[in-house]
1. Can you compute the helix-only [θ] at 222 nm over the chain? Use -39500 (n - 2.57) per DSSP H run of at least 4 residues, normalise by all residues, nearest 500 deg cm²/dmol.
2. For the chain, give the magnitude of the charge dipole about the Cα centre (Cβ charges: +1 Lys/Arg, -1 Asp/Glu; no others), in debye to the nearest 20.
3. May I ask for the angle, rounded to the nearest 10°, between helix 84-93 and the longest principal axis of the chain, with both axes built from Cα atoms and the value confined to 0 to 90°?
4. Ratio of alpha-carbon Rg to the 2.2 N^0.38 Å globular estimate for the chain, to two decimals, please.
5. Which shape class applies to region 44-126: rounded if a/c is under 1.5, otherwise prolate when a/b exceeds b/c and oblate if not, where a ≥ b ≥ c are the square roots of the Cα gyration tensor eigenvalues?
6. If exposed means no more than 16 neighbouring beta carbons inside 10 Å and the site is in a DSSP loop, what's the longest run of the chain without any exposed GluC sites (Glu not before Pro)?
7. Could you provide, to the nearest whole Å², the per residue accessible area of region 1-110 with probe 1.4 Å?
8. List the residues whose amide H sits under 5 Å from the amide H of D29, counting only those 5 or more places along or on another chain, with H placed 1.01 Å from N in the peptide plane.
Amino acid sequence: MLNNINIKKQEDIEYIVIPEDVYLCEIKDLEEVEQQKYKAPIGEMEEAIRVKLTILEGEFKGQTLIKTVKPVIGEGFEGGSPSNLYILLKSVLGNDFEPTLETVNSIIGRQVKVIVKIKTSQKGKDYNIIDNFMAVRPVRTTPITEEEIPVIEPEDKPDIPF
């Protein structure tokens, strides 16, 4: 029998839903968390990494985005996708990185582009997900020279009268 417990109704949390787009973000923090293991009995938990990102420009500058990933660095295989953590690290660090805790921690403070999508919950409420990560390419600061412009020769084709 319960004697002195205060039963409360859980409040719905209102999130700002931002438009689907690609956003330039900074990785603000990485946290160790536990999450429900996928397709496992309720209560069976597994370790995960919560990636907190902040949008750096535009109308939603300062907005926080969160992506929870498994602590697995896998390149994928034929017919299989790479792990989310692998895609994040490759987007931030390029192709040459070691799969270590130090490597993962080194991405804090770095920039990455994120592809944000809108999903709808079973209750009909919209929310954002980070669908993927993309590398931030350096911005070119010098003009393109004549030598860098490719010359494409047209094939000899007869004129077509209109």
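The values are calculated or read from the model by the stated rules, or taken from the named source; none is laboratory data. These figures come from a predicted structure and were not determined experimentally. No Cβ is skipped: glycine too gets one built from the backbone with ideal geometry, and neighbour counts run over all protein chains shown. Only protein heavy atoms, including side chains, enter the accessible area calculation; ligands, DNA and RNA are left aside. Shrake-Rupley method; radii C 1.70, N 1.55, O 1.52, S 1.80 Å.
1. On the way: 2 runs with 15 residues, N = 162.
After summing the helix terms and dividing by the residues of the chain, the value is -2500 deg cm²/dmol.
2. Details: 20 positive and 29 negative charges, 223 e Å.
Approximately 1080 debye in magnitude.
3. The two axes meet at around 50 degrees.
4. On the way: Rg = 22.9 Å, N = 162, 2.2 N^0.38 = 15.2 Å.
The reported ratio for this selection is 1.50.
5. On the way: a/c = 1.77, a/b = 1.24, b/c = 1.43.
Since a/c reaches 1.5 but b/c is at least a/b, the shape of region 44-126 is classed as oblate.
6. Working: sites that count: E11, E14, E20, E44, E57, E59, E75, E78, E155.
Longest stretch, sites excluded: 79-154.
7. Values: 8230 Å² over 110 residues.
Value returned for region 1-110: 75 Å² of accessible area per residue.
8. Those qualifying (amide H under 5 Å, at least 5 residues apart or on another chain) are K52.
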